[in-house]
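Here is the structure we will look at.
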Amino acid sequence: MAHIPIQRHRLDNGLRVILSPDGRTPIVAVNLWYGVGSRHEERGRTGFAHLFEHMMFQGSANVAKGEHFAMVNGVGGTLNASTWTDRTNYFETLPSHELELALWLESDRMASLLPAMTQEKLDNQRDVVKNERRSSVDNQPYGTAEERMQALLWPEGHPYHHSTIGSMEDLSAASLEDVSRFFATYYAPNNAVLTVAGDFDPEAALAAVGRHFGPIPANPDLPPSPIMDVPDSLGGEVREVVPDQVELPRVHVAYRIPPFGTEGHQAFDVVSDLLGTGRASRLYRSLVRERQLAADVAAFVFPWAGGSTVLAVWATARPEIEVDTLEAQLLDDVARLATDGPTDDELARVRTLHAAAAEQGLEQVGERADRLSQYACLFDRPEMVNTEIERYDAVTAGQVRQAMADRAGADNRLVLTYIPAEDAAEDAA
Amino acid sequence: MTPPNALRPAPGPPRPYHFPDFTHRPLGQGLTLWVVPLPDRELVSVQLLVDGGAAAESEPEGGIAALTAETLVTGTRRLDGHAFAEATERLGIEIFADSSWDVARSGFSALADRYPAGLELLAEMVREPRFDEGEFDRLREERLADILQSRSEPGRLADEWFLRAVYADDSPYARLSAGTPETVEPLTVEQARAHHARHWRPDRAHLVVAGPVRVDDVVRAAEATLGDWDGTSPGHRTIPVADRGGRRIVVVDRPGSVQSELRVGHVGIERSHPDYFPALVMAALLGGTFSSRLNQRLREELGYTYGARAAFDMRRAAGPFSARAAVQTEVTADAVRETLALVEGMRAAPPDEAELREVIDFLIGVFPLRFETTGGAAAGIEPIAVYGLDHDWWATYRDRIEAVGPVQVHDAAVDLLRPADALIVLAGDAARVRPDLEAADLGPIEVVRPADD
């Protein structure tokens with residue numbers, strides 16, 4: 001779909017509404033982005049935005065606990081939600097004739113979550129979230145890497161310093177009063193974007209949106225964004241070694257880079273593909289195929305718009321390979337991109353791969369709705385979904401070289417290494 | 001008076017939906033071509049399916065099917081591994097190849113104008129693979145590293161030990177389809193060449209193309225690339241699937257674990273089982289959705305876990321049935337007891353109409369969502385091609401789900417669930433979970449270490 005249709009509306013209460021009709025399959029996606037994530041959390045309440053997301057499924061004035069899932073599943077729909085640093089999103093994809101069910105469920109909890117809240121529900125979901133943390137972080141090899149990366153890339157007190165899942169201690173401290181305050185502060189129509197994509201009649205859908213969301217009052221006192229300023233560079237190399245329950249060492253290297261959505265950021269989307277997307281990418285070729293130092297590699301950037309964000313790469317050592325050897329070669333491969341820059345053929349390849357991936361990403365109405373919400377929520381420009389490919393293709397070899405030279409040097413580098421706990425014990429002995 | 005928005009809105013009239021029309025025809029030397037024209041899409045999905053999965057291996061070569069598939073994408077006679085990767089990525093495609101028990105497959109997804117060039121590369125890869133010894137050895141070492149790595153991942157550890165303890169020794173299903181360290185370590189590139197020569201043959205193979213294509217064009221492109229691909233293959237062997245049976249607990253010791261990865265189950269049923277639909281509905285009701293009994297109880301009522309599920313893994317021969325969850329260490333024995341009680345509950349009485357209705361409505365309603373993408377439509381052809389299902393499989397699917405009533409669900413539970421015989425595998429901290437398990441008296445307990453053989 002070269003050009004996604006976009007209709008923009010705004011209700012009197014400030015709710016931004018994006019409509020993107022497409023009748024090819026009789027299904028429809030409803031997607032809400034609230035402009036609140038873990039970077040908005042108060043001190044001592046890390047993990048709260050995500051715990052709150054769970055509470056949004058515990059019922060509201062007209063919906064009982066469990067009914068949200070049951071009703072959407074019960075018509076053949078799928079649904080979920082997720083929380084990250086900058087936002088919290090809620091989404092349903094369902095047969096198109098049930099569009100209004102999703103609108104009603106979303107509006108009911110936006111309008112009237114608090115009457116349904118109880119201590120018992122909070123305690124239950126606190127346990128669930130603690131188990132989510134155990135499953136995805138504490139009981140997973142390398143599971144704490146992202147959290148450690150955030151803690152080392154941003155200073156204490158910075159909104160990106162702590163992870164979205166938060167700490168066990170802070171989760172334990174969360175109270176019903178926190179739930180009320182958080183809801184009243186952030187879960188207001190003027191802090192949200194509602195996108196509908198797929199098979200629907202725009203006029204009827206807009207009328208239904210107005211019916212369900214129109215009466216919900218705005219919050220006239222939305223707090224300003226927390227201060228996100230940090231220097232462009234870490235000001236030196238930061239290193240940490242983490243002994244963990246892992247069999248193979250893994251080295252993570254990360255850099256502070258400009259925020260998602262800025263021109264300075266765009267080059268790093270290209271950088272991450274040059275380094276790590278596909279079997280012809282530089283790191284796969286060098287570390288996995290030719291030198292056989294790594295069992296696997298990855299490179300990615302986080303699309304965080306609040307302030308500086310991160311370019312990260314990692315490689316897992318093959319058995320018998322010294323992690324220092326792997327690290328040296330990895331750093332050399334990254335540095336080479338700053339000195340040599342990409343070849344024309346490399347740039348052409350990642351552009352073609354990116355264009356195909358972009359198309360694939362937009363194939364599902366659910367994903368399309370999420371991207372529209374993203375651009376509308378972060379930049380108030382949903383149309384950016386239609387220029388993803390052009391923006392990517394506009395990045396030149398010179399810009400890649402410059403971006404790497406500016407940001408990927410030793411003065412802005414985090415090296416975080418996971419090693420088997422037994423090795424650490426032996427070294428200490 | 002109730003405000004208007006207090007009531008769940010009534011649905012509009014549903015728009016009819018059916019699985020996309022498709023055609024199939026023999027091509028060249030026995031290959032079957034399936035085309036799913038989806039004229040208003042942007043992407044073409046191409047999948048080549050061969051009867052050369054792990055079920056086609058001989059046991060001492062466990063894992064050769066998976067390694068053969070992986071080695072295929074490391075080049076052709078003309079192009080070495082890196083050059084082949086560059087050639088595909090210039091088209092904006094990444095060719096994958098993998099293998100499960102019942103099928104080995106390779107394919108890609110491409111923008112519509114690129115798929116014929118992609119098909120040429122795929123055909124070159126399948127017909128004139130490079131099978132470079134260095135690349136094979138590298139991939140074998142990566143596989144061994146991955147197996148080593150899996151021993152530090154509690155979920156994979158529990159999966160591996162569950163299979164090992166549930167199937168009798170003579171069943172290949174007692175291992176993962178990708179093999180074990182013992183079977184993978186001695187594999188050579190010669191064996192991969194031989195597996196390919198024997199099994200990557202057209203007579204039992206299927207080529208599936210879905211997307212904005214014309215049938216004639218696809219036939220022409222397939223004729224040009226695979227029309228004279230020849231040879232015959234022996235296909236898969238018959239897999240013995242005896243269950244060791246008997247209630248037992250195996251604790252895979254992982255000291256310091258903050259959770260226990262729990263698997264409860266036994267040998268299940270084969271893909272062609274006559275009770276396929278009742279079994280599907282019954283498992284969904286027990287553990288297939290968020291509102292299922294397992295997830296409601298273990299997560300939403302007790303807070304023991306982030307999520308609990310149960311399902312049959314149906315293969316050509318009887319794959320396992322298992323309920324699964326990662327539960328907090330402190331409540332491990334309780335979680336096992338609750339899980340067993342829920343499985344027993346399925347056998348005790350038929351579900352009530354409302355509970356069953358919700359599950360059936362989910363399975364029927366979610367139908368169009370499954371085939372939204374061209375990849376989804378191609379995946380819809382796979383079971384028809386691989387298991388030889390009726391071509392109207394998807395056309396009648398929803399009616400057959402709808403026909404499952406409370407009695408059939410109950411009968412399926414009584415016939416197919418065997419909680420008294422269930423194996424319980426826990427990957428977790430043995431010292432901390434053992435006393436509670438002993439006190440709960442759920443069965444004899446054996447503690448093993450992850451690296452035990």
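The values are calculated or read from the model by the stated rules, or taken from the named source; none is laboratory data. Since this is a predicted model, take the numbers as computed values, not measurements. As a convention, Cβ positions derive from the backbone with ideal geometry for all residues, glycine included, and neighbour counts pool all protein chains shown.
Miscellaneous remarks
- The residues listed here are B:Ser233, B:Ser260; of these, the one that is touching a Phe, Trp or Tyr at 6+ places or on another chain (Cβ under 8 Å), outside any helix (DSSP H, G or I) and either under 30 Å from B:Ala197 (Cβ atoms) or not hydrophobic (A, V, I, L, M, F, W, C) (or both) is B:Ser233.
- Within region B:6-59, the set of residues being modelled with pLDDT of 95 or more, out of contact with any His (no Cβ under 7 Å at 6 or more places or on another chain) and in a helix (DSSP H, G or I) comprises just one member, B:Ala54.
- Note on region B:74-90: among residues that are assigned to a loop (DSSP other than H, G, I, E, B) and either surrounded by fewer than 24 Cβ atoms within 10 Å (Cβ to Cβ) or among the basic types (Lys, Arg) (or both), the one that is nearest to the chain's Cα centre (by Cα) is B:Gly75.
- Test result for A:Ala357, surrounded by 21 or more Cβ atoms within 10 Å (Cβ to Cβ) and within 12 Å of chain B (Cβ to nearest Cβ): no
- So A:Gly23, is it under 23 Å from A:Glu169 (Cβ atoms) and touching an Asp or Glu at 6+ places or on another chain (Cβ under 6 Å): no
- Number of residues in region A:146-191 that are under 13 Å from A:Met55 (Cβ atoms) and basic (Lys, Arg) equals 1.
- Pair list, Cβ under 9 Å, 6 or more apart: region B:110-130 residue basic (Lys, Arg), other residue assigned to a helix (DSSP H, G or I) and crowded, with 16+ Cβ neighbours inside 10 Å: B:Arg114/A:Thr352; B:Arg114/A:Ala356; B:Arg127/B:Thr225; B:Arg127/B:Leu226; B:Arg130/B:Thr71; B:Arg130/B:Leu72; B:Arg130/B:Gly81; B:Arg130/B:Phe84
- Restricting attention to region A:8-47, the residues that are among the hydroxyl-bearing types (Ser, Thr, Tyr) and touching a Ser or Thr at 6+ places or on another chain (Cβ under 6 Å) add up to 3.
- Of all residues in region A:316-347, those being in contact with an Asp or Glu (Cβ under 8 Å, 6 or more places away or on another chain) and over 25 Å from B:Arg90 (Cα atoms) number 3.
For (1) among the hydrophobic types (A, V, I, L, M, F, W, C); (2) outside any helix (DSSP H, G or I); (3) touching a helix residue (DSSP H, G or I) at 6+ places or on another chain (Cβ under 9 Å); (4) within 12 Å of another protein chain (Cβ to nearest Cβ), each residue gets a yes or a no:
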{"residue": "A:Phe91", "(1), (2), (3), (4)": "yes, yes, yes, no"}
{"residue": "A:Met110", "(1), (2), (3), (4)": "yes, no, yes, yes"}
{"residue": "A:Arg126", "(1), (2), (3), (4)": "no, no, yes, yes"}
{"residue": "A:Glu132", "(1), (2), (3), (4)": "no, no, yes, yes"}
{"residue": "A:Glu147", "(1), (2), (3), (4)": "no, no, yes, no"}
{"residue": "A:Gln150", "(1), (2), (3), (4)": "no, no, no, no"}
{"residue": "A:Glu156", "(1), (2), (3), (4)": "no, yes, no, no"}
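- Entry remark, region A:184-207: residues being more than 23 Å from A:Asp380 (Cβ to Cβ) and surrounded by fewer than 19 Cβ atoms within 10 Å (Cβ to Cβ) number 5 in total.
- The helices (runs of 4 or more DSSP H) located wholly in region B:368-453 that include 3 or more residues which are more than 22 Å from the chain's Cα centre (by Cα) and modelled with pLDDT of 95 or more occupy B:393-402, B:406-416, B:430-440.
- Residues within region A:26-46 that are crowded, with 21+ Cβ neighbours inside 10 Å, within 14 Å of chain B (Cβ to nearest Cβ) and either assigned to a loop (DSSP other than H, G, I, E, B) or among the aromatic types (Phe, Trp, Tyr) (or both), tallied: 0
So that you can scan it fast, the table gives a plain yes or no per residue for (1) within 10 Å of another protein chain (Cβ to nearest Cβ); (2) in contact with a helix residue (DSSP H, G or I) (Cβ under 9 Å, 6 or more places away or on another chain); (3) under 22 Å from A:Val385 (Cα atoms); (4) crowded, with 23+ Cβ neighbours inside 10 Å:
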| position | (1), (2), (3), (4) |
| --- | --- |
| A:Leu287 | no, yes, no, yes |
| A:Gln292 | yes, yes, no, no |
| A:Val313 | no, yes, no, yes |
| A:Glu322 | no, no, no, no |
| A:Asp333 | no, yes, no, no |
| A:Asp340 | no, yes, no, no |
| A:Asp345 | yes, yes, no, no |
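- Restricting attention to region B:21-43, the residues being crowded, with 16+ Cβ neighbours inside 10 Å and within 11 Å of chain A (Cβ to nearest Cβ) number 4.
- Looking at A:Leu337, A:Leu326, A:Leu347, just one residue is out of contact with any Leu (no Cβ under 7 Å at 6 or more places or on another chain) and not acidic (Asp, Glu), and that residue is A:Leu347.
- Residue list for region A:5-20, filter: surrounded by fewer than 17 Cβ atoms within 10 Å (Cβ to Cβ) and closer than 20 Å to A:Glu92 by Cβ: A:Gln7, A:His9
- Residues being part of a helix (DSSP H, G or I) and touching a residue at least 60 places away in the same chain (Cβ under 8 Å) - total across region B:338-367: 14
- Residue check: A:Ser136 meets all listed conditions (1) in contact with a Ser or Thr (Cβ under 8 Å, 6 or more places away or on another chain); (2) facing chain B (nearest Cβ under 9 Å) but one, namely (1).
- The residue list A:Gly77, A:Gly23 contains one member that is crowded, with 23+ Cβ neighbours inside 10 Å, closer than 22 Å to B:Pro368 by Cβ and either within 14 Å of chain B (Cβ to nearest Cβ) or basic (Lys, Arg) (or both), which is A:Gly77.
- Taking the criterion of being crowded, with 20+ Cβ neighbours inside 10 Å and in a helix (DSSP H, G or I), the residues of region B:122-134 that qualify are B:Leu122, B:Ala123, B:Met125, B:Val126.
- Scope region B:165-177; condition touching a strand residue (DSSP E or B) at 6+ places or on another chain (Cβ under 9 Å) and surrounded by fewer than 22 Cβ atoms within 10 Å (Cβ to Cβ); matching residues: B:Ala165, B:Ala168, B:Ser171, B:Ala174, B:Arg175, B:Ser177
- Highlighted here are the helices (runs of 4 or more DSSP H) found entirely within region B:142-213 that include at least 3 residues which are under 22 Å from B:Glu446 (Cβ atoms) and away from chain A (no Cβ under 14 Å): B:154-166.
- Residue pairs meeting the criteria (Cβ under 7 Å; at least 6 apart or on separate chains; first under 11 Å from B:Ile360 (Cβ atoms), in region B:394-414; second hydroxyl-bearing (Ser, Thr, Tyr) and surrounded by 18 or more Cβ atoms within 10 Å (Cβ to Cβ)): none
- Of all the residues in region A:265-281, those that are surrounded by fewer than 21 Cβ atoms within 10 Å (Cβ to Cβ) and in a loop (DSSP other than H, G, I, E, B) number 2.
- Condition broken by A:Arg134, with the remaining ones in (1) over 19 Å from the mean Cα position of the chain (by Cα); (2) under 17 Å from A:Gly47 (Cβ atoms); (3) surrounded by fewer than 19 Cβ atoms within 10 Å (Cβ to Cβ) satisfied: (3)
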